[in-house]
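Here is the structure we will look at.
The values are calculated or read from the model by the stated rules, or taken from the named source; none is laboratory data. As the structure is a prediction and not an experimental result, all values here were calculated from the model. Ideal geometry is used to build each Cβ from the backbone, glycine not excepted, and the neighbour counts take in all protein chains shown.
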């Protein structure tokens, strides 16, 4: 299961993580493609657990963080490493593609 993060714990759960990628799924409950991504994220999280931690942030309930990272379209996956944004993946993608993308980002 992918953990939820909020404005209040984003720093500790995402930005303070060292040595491992953190993939943040910016989503909303009303978003159809976001709902389709939920099982994909669970599958991908199990496959990339050694390289990345995957978390979700509800943009309606956590607008400060969504605005800070200029999230204008969802689903939007922002990849962080050592507290810095290093990549962005926008839109739905199937689990094999997401795993492939995360693996490619991890070796950059």
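Things worth noting here:
- Annotation note: of 72, 65, the sole residue that is at pLDDT below 95 and more than 17 Å from residue 1 (Cα to Cα) is 72.
- Residue among 52, 38 that is within 23 Å of residue 95 (Cα to Cα), surrounded by fewer than 18 Cβ atoms within 10 Å (Cβ to Cβ) and under 13 Å from the mean Cα position of the chain (by Cα): 38
- For the range 70-88, residues that are surrounded by 16 or more Cβ atoms within 10 Å (Cβ to Cβ) and either farther than 19 Å from residue 41 by Cα or in contact (Cβ under 8 Å) with a residue 24 or more places away in the chain (or both) total 9.
- Subset of the range 11-29 [buried (at least 17 other Cβ atoms within 10 Å of the Cβ) and more than 20 Å from residue 90 (Cα to Cα)]: 13, 17
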